[in-house]
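Notes follow the structure.
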Amino acid sequence: MIDALDRGRESVGRQAWGEAHAQLVAADRDASLELEDLELLAVAAYLVGRDGDSALAWARAHEECLRRGDAARAARCAIWLAFGLVDRGEVVRAGGWLARARRLLDDNQLDCVEQGYLLGMAAMQSMAEGDAASAYGTFGQAAKIADRFGDRDGITLSRLGQGQT
């Protein structure tokens, strides 16, 4: 028998985000979602405009990563949470999550793709402040990191940022 979790995962695969969100929320009510499914819930919630649900799922995923000792993935969850907060204009709260991500990467001396995501967020800040030249260069640095790690999302976001500047 197929359950809500399986239906939610299948809906993600079809990019049926409304269905995915509803099914993953139902599955989470039945039993707390595992890390990978929390991340799916966070993305689905964001894509259907359920920003609060997305932030809560990213925060839970962040905590689970910390519990597992996966600092890079915890930082990534914090960065995606911050991205959504910036998108809603909650810049101060986003700054707190970005600082948390930066500390995790610095404290663990991690050379990882998440460094590029942090650069991308810094470039967005430069763009918002009207410093297109700095933003363009910083997006370029982020793209190089993403390329080095073969991270398509990072490459796409960095190139999109360069195009916007």
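Of Gly163, Gly84, Gly49, Gly116, all but one fail to be over 25 Å from Ser11 (Cβ atoms) and out of contact with any Lys or Arg (no Cβ under 9 Å at 6 or more places or on another chain); the exception is Gly163.
Take the residues of the range 86-95 that are assigned to a helix (DSSP H, G or I) and more than 23 Å from Ile155 (Cβ to Cβ): which is most open to solvent (accessible area, probe 1.4 Å)? Restricting to residues being assigned to a helix (DSSP H, G or I) and more than 23 Å from Ile155 (Cβ to Cβ), the top hit is Val92. If only one of Leu47, Leu24, Leu110, Leu105 is under 30 Å from Asp147 (Cβ atoms) and either among the β-branched types (Val, Ile, Thr) or surrounded by 20 or more Cβ atoms within 10 Å (Cβ to Cβ) (or both), which one is it? Of the residues listed, the single one that is under 30 Å from Asp147 (Cβ atoms) and either among the β-branched types (Val, Ile, Thr) or surrounded by 20 or more Cβ atoms within 10 Å (Cβ to Cβ) (or both) is Leu105. His62 meets the conditions (1) open to solvent by 10 Å² or more (accessible area, probe 1.4 Å); (2) touching a helix residue (DSSP H, G or I) at 6+ places or on another chain (Cβ under 7 Å) in every case but one. The failed one is (1). Looking at the range 107-119, is at least one residue within 12 Å of the chain's Cα centre (by Cα) and of a type outside the set (A, V, I, L, M, F, W, C)? Scanning the range 107-119 turns up at least one residue that is within 12 Å of the chain's Cα centre (by Cα) and of a type outside the set (A, V, I, L, M, F, W, C).
Within the range 140-165, the set of residues being among the small types (Gly, Ala, Ser), surrounded by 17 or more Cβ atoms within 10 Å (Cβ to Cβ) and over 20 Å from the mean Cα position of the chain (by Cα) is empty.
Considering the range 121-139, and only residues there that are surrounded by fewer than 17 Cβ atoms within 10 Å (Cβ to Cβ) and part of a helix (DSSP H, G or I), the residue that is nearest to the chain's Cα centre (by Cα) turns out to be Ala128. Here Leu98 clears all of (1) open to solvent by less than 80 Å² (accessible area, probe 1.4 Å); (2) in a helix (DSSP H, G or I); (3) more than 25 Å from Asp53 (Cβ to Cβ) except the condition numbered (3). Looking only at residues in the range 78-100 that are touching an Asp or Glu at 6+ places or on another chain (Cβ under 7 Å) and not charged (D, E, K, R), the one that is nearest to Tyr117 (Cα to Cα) is Ile79. Evaluate the range 75-85: report whether one residue or more is modelled with pLDDT of 95 or more and farther than 17 Å from Asp153 by Cα. Yes, the range 75-85 contains at least one residue that is modelled with pLDDT of 95 or more and farther than 17 Å from Asp153 by Cα. The set of residues in the range 101-145 being touching a Gly at 6+ places or on another chain (Cβ under 6 Å) and farther than 24 Å from Ala55 by Cβ consists of Phe139, Ile145. Would you call Asp70 of a type outside the set (A, V, I, L, M), within 22 Å of Gly120 (Cβ to Cβ) and without any contact (Cβ under 8 Å) to a residue 12 or more places away in the chain? When the stated conditions are applied, Asp70 passes them.
Cβ separations smaller than 7 Å between residues 6+ apart or across chains give the following pairs from the range 20-46 residues that are modelled with pLDDT under 95 to residues that are among the aliphatic types (A, V, I, L, M): Asp30/Ala4. Residues in the range 1-21 that are open to solvent by less than 70 Å² (accessible area, probe 1.4 Å) and assigned to a loop (DSSP other than H, G, I, E, B): Ala16 only.
The values are calculated or read from the model by the stated rules, or taken from the named source; none is laboratory data. These numbers were taken from a predicted model, which means no experiment stands behind them. Positions of Cβ are backbone-derived with ideal geometry, glycine not excepted, and every protein chain shown enters the neighbour counts. Ligands, DNA and RNA are stripped out before the accessible areas are found, and what is left, the full protein with its side chains, is counted by its heavy atoms. Shrake-Rupley method; radii C 1.70, N 1.55, O 1.52, S 1.80 Å.
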